[in-house]
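Trainee: Let me begin by handing over the structure; questions about it come next.
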Amino acid sequence: MARRLVILNVVGLTESHIGKNMPHIHKYMKQSSLTSLIPPLPAVTSTVQSSIITGTSPIEHGIVANGWHERETHETYFWRQSNDLVQGEKIWDILHKEIPEFTVANLFWWFNMYSSANISVTPRPIYCANGRKIPDIWTSPTSLRKTLQDKLGQFPLFNFWGPMANIKSTQWIVDATLEVDKNYKPTLTLVYLPHLDYPLQKFGPKHPCIAKELQAVDHEVGRLIDHFQQQGAQVCILSEYGIEDVSGAVAINQILRQNNWLEVREELGREYLDAGASDAFAVADHQVAHLYVKEKSNINTIASVLRKTDGIEFVYVGEARGELAHERCGDIVIVSTSDRWFSHDWWINESKAPDYQATVNIHAKPGYDPRELFFAKGWRGSKARIAMKLLLKKLGSHTLLDVITLDSSRVRGSHGRTPEMGAPSPILIAPTCAKKMPQSLPSAALKNLIYSWISS
């Protein structure tokens, strides 16, 4: 008979956090064992989760970042959701074949749509023709969407990401997890708990406010530990990466532009990246960036310039890209120094930035933008202006909600580098059924461990 297992992905959690501010996790750790995880490069959500689920590296599963550039269409896409993008056999596919009664619930782990998982819940806003974005979820089975929303209310999307991100979204996910378990009793439950990610990126891991955020996350994790232990299920707690203090960004596309490798086009007084016309451009994702180069003969020249650039520590080309060298990978992969992160900015003058830059728009930007966690300062971010913009949106106006800062110096924490590069290690707190664990292991090794914890 299969053993029930729940995996709690507590984003950004490291050993240094577990103490007086996290009594529930600390207590559970004392019952089990703590292991350091070695994430793949880049240590970002989509890549690490895909390695855990498939047991492979990015060169095999293809998730080289949270987003990448499609060479055929010359378009860059971030935060897509189809599970078909993850190449390779998933852990639940194996368990489905071997254990007839096996079921799996995927709750907010990424690439969560159209998979072979029995139960799925993921954010899926409704985008109206008038420009409104209405919070919503996608579920499988479809009927689960109504069940959860009737019971829990609307998913708090604007507390999941953006300048109003807070514990409310994690609380909703925990409530949804309890509801799913009550109704379905899955063999394997995967739960993504994002909250700690927000303050760590906004304020940095050493800021005094982090203590109360640790307490808030711990309370929610404690609710799940108590429930699942009462149900006789095993609990595993893990994280994807650790977050480092940073003091500024490297505007990598500006560097390419200054060297005449990047093309922009001006529309209505603003500058937009023209990827298809560029000799080289960068897709930035936290502390790692992929550079796509039109003429391969230019790769070494560009790489040479980058190696001399302040804020860049590692430059990889060709075989040196190692386990990242999938067809989706950039021709050049760069990694920042520990105190920096990569912005996607190409404009020199802020007044020329594209109109979407000052908005929360994760699908328009050719790079991850942590500045979306901050309202702008001054008039542009004033409460009165924000309130008026929101009111106009609700009334159906095509108002641009341009209230987000463009100041990269406000971001104080980032990730993407690996422990081998000096980044803090993510962790694994194994279930109590686990045999003796090593001091460290690659994230991809978890697939086999999950199999053993369920099937043995």
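Where a number appears in this text, it was derived from the coordinates with a stated rule and is not lab data. The structure presented is a predicted model; accordingly, all values stated were derived computationally and were not measured. Counting neighbours? That spans all protein chains shown, and the Cβs are built from the backbone with ideal geometry, glycine included.
Trainee: For region 26-40, in order, what is each residue's ³J(HN,Hα) by Karplus, 6.51 cos²θ - 1.76 cosθ + 1.60 with θ = phi - 60°, in whole Hz (x at glycine and Pro)?
Mentor: 4, 4, 5, 4, 5, 7, 10, 9, 10, 10, 7, 9, 10, x, x
Trainee: Quote the relative contact order of region 362-456 in percent (integer), defining contacts as alpha-carbon pairs under 8 Å separated by 6+ residues.
Mentor: Dividing the mean separation by the residue count of region 362-456 yields 22 percent.
Trainee: How far apart, in nanometres, would the label points at Asp150 and Ser82 be if each is projected 7 angstrom from Cα along the Cα-to-Cβ direction?
Mentor: Going from the Asp150 label point to the Ser82 one covers 3.2 nm.
Trainee: So if I take the centroid of the Cα atoms in region 19-35 and the same for region 232-275, what is the distance between those two points in Å?
Mentor: 34 Å
Trainee: Beta carbons within 10 angstrom, averaged per residue: use that to sort the peptides 192-198, 409-415, 89-95, highest first.
Mentor: Listed from highest to lowest mean packing, they are 192-198, 409-415, 89-95.
Trainee: In straight Cα distance, which lysines are under 16 Å from Lys90, not counting same-chain residues fewer than 8 positions off?
Mentor: Lys447
Trainee: Let me ask something additional. Using Cβ counts within 10 Å as a stand-in for footprinting exposure, how do Ser115, Ser46 rank, fewest first?
Mentor: Ser115, Ser46
Trainee: Can I ask one more? Treating the Cα atoms of region 248-367 as identical point scatterers in vacuum, please give the log10 of the normalised Debye intensity I(q)/I(0) at q = 0.10, 0.17, 0.24 Å⁻¹, two decimals.
Mentor: The computed values of log10 I(q)/I(0) come out as -0.28, -0.83, -1.53.
Trainee: Got a sec to turn the phi values of region 208-219 into Karplus ³J(HN,Hα) couplings, 6.51 cos²θ - 1.76 cosθ + 1.60 with θ = phi - 60°, whole Hz, x for Gly and Pro?
Mentor: Along region 208-219, the couplings run x, 5, 5, 4, 5, 6, 4, 4, 5, 5, 4, 4 Hz.
Trainee: Under a Cβ-only charge scheme (Lys and Arg +1, Asp and Glu -1), can you give me the dipole magnitude of the chain about the Cα centre, in debye to the nearest 20?
Mentor: In total the dipole reaches around 1420 debye.
Trainee: Roughly what % of DSSP beta bridges within the chain run antiparallel, to the nearest 5?
Mentor: DSSP beta bridges in the chain are roughly 60 percent antiparallel.
Trainee: Something else now. Can you put Ile63, Ile386, Ile210 in order, fewest other beta carbons within 10 Å first?
Mentor: In increasing order of surrounding Cβ atoms, one gets Ile386, Ile210, Ile63.
Trainee: Quick one: helix 383-394 against the long Cα principal axis of the chain, what's the angle to the nearest 10°, folded into 0 to 90?
Mentor: On a 0 to 90 degree scale, this one is about 80.
Trainee: If I take every Cα pair under 8 Å that is 6 or more residues apart in the chain, average their sequence separation and divide by the length, what percent do I get for the relative contact order?
Mentor: In percent, rounded to a whole number, it is 28.
Trainee: Which cross-chain or sequence-distant (5 or more) residues have an amide H under 5 Å from the amide H of Val264, H modelled 1.01 Å from N in plane?
Mentor: Answer set, sorted by chain and number: Asp274.
Trainee: With θ taken as phi - 60° and the coefficients 6.51, -1.76 and 1.60, list the Karplus ³J(HN,Hα) couplings across region 448-456 in order, rounded to whole Hz; mark glycine and proline as x.
Mentor: Once θ is set to phi - 60°, the couplings for region 448-456 become 5, 5, 4, 4, 5, 5, 8, 8, 8 Hz.
Trainee: Using label points projected 7 Å from each Cα along Cα→Cβ, tell me how many nm separate Val305 and Lys27, to one decimal.
Mentor: 5.8 nm
Trainee: Of Asn361, Leu306, Ala289, which is farthest along the charge dipole of region 248-367 in the positive direction, counting Lys and Arg as +1 and Asp and Glu as -1 at C-beta?
Mentor: Leu306
Trainee: Here is a follow-up. If you take the beta carbon distance between Ile386 and Tyr451 as r and set R0 to 41 Å, what does 1/(1 + (r/R0)^6) give as a FRET efficiency, to the nearest 0.05?
Mentor: That gives a FRET efficiency of 0.25.
Trainee: Report the gain in length on full extension from Glu319 to His363: 0.36 nm times residue separation, minus Cα-Cα distance, nm rounded to one decimal.
Mentor: 12.8 nm
Trainee: Farthest toward the dipole's positive end in the chain, which of Asn106, Ala320, Val48, given Cβ charges of +1 (Lys, Arg) and -1 (Asp, Glu) about the Cα centre?
Mentor: Asn106
Trainee: Another question about this same structure. How big is the equivalent ellipsoid of region 307-432 along its three axes, where each semi-axis is √(5λ) from the Cα gyration tensor, reported in whole Å from largest to smallest?
Mentor: For region 307-432, the ellipsoid semi-axes come out as 35, 19, 15 Å.
Trainee: Taking amide H positions as placed 1.01 Å from N in the peptide plane, with prolines and chain starts having none, which residues 5 or more places from Arg124, or on another chain, fall under 5 Å of its amide H?
Mentor: Under 5 Å from the amide H of Arg124: Asp136, Ile137, Trp138.
Trainee: Viscosity 0.890 mPa s, temperature 25 °C: give me the Stokes-Einstein translational D for the chain in µm²/s, with Rh taken as the Kirkwood radius over C-alpha pairs.
Mentor: Translational diffusion coefficient: 108 µm²/s.
Trainee: Follow-up question, since we're still on this one. Using the Cα centre of region 248-367 as the reference point, and only Cβ charges (+1 on K/R, -1 on D/E), how large is the resulting charge dipole? Debye, rounded to the nearest 20.
Mentor: Using Cβ point charges on Lys, Arg, Asp and Glu, region 248-367 gives about 120 debye.
Trainee: Among the lysines, select those whose C-alpha is under 23 Å from the C-alpha of Lys30, and discard any that sit fewer than 8 residues away in the same chain.
Mentor: Here the lysines satisfying the reach criterion relative to Lys30 are Lys20, Lys212, Lys435, Lys436.
Trainee: Sticking with this one: Check the straight Cα-Cα distances from Lys182 and name the lysines below 20 Å, setting aside those fewer than 8 residues away within the same chain.
Mentor: Excluding near neighbours in sequence, the set is Lys146, Lys151.
Trainee: Just to confirm the number: angle between the C-alpha axis of helix 45-54 and the first principal axis of the chain, 0 to 90 degrees, nearest 10?
Mentor: Between helix and principal axis, roughly 40 degrees.
Trainee: Kindly count the pairs of lysines across region 248-367 whose alpha carbons are less than 23 Å apart, treating pairs on different chains or eight or more residues apart as eligible.
Mentor: Summing the qualifying lysine pairs gives 4.
Trainee: Give me, ordered by chain and number, the residues 5 or more places off Gly12 or on other chains with an amide H under 5 Å from its own placed amide H.
Mentor: Amide H to amide H, under 5 Å and 5 or more residues apart or across chains, Gly12 pairs with Glu240, Tyr241.
Trainee: Another one. Please give the calculated 222 nm ellipticity per residue for the chain, where each DSSP H segment of at least 4 residues contributes -39500 (n - 2.57) and the sum is spread over every residue; nearest 500 deg cm²/dmol?
Mentor: Helices in the chain give a 222 nm mean residue ellipticity of -8000 deg cm²/dmol.
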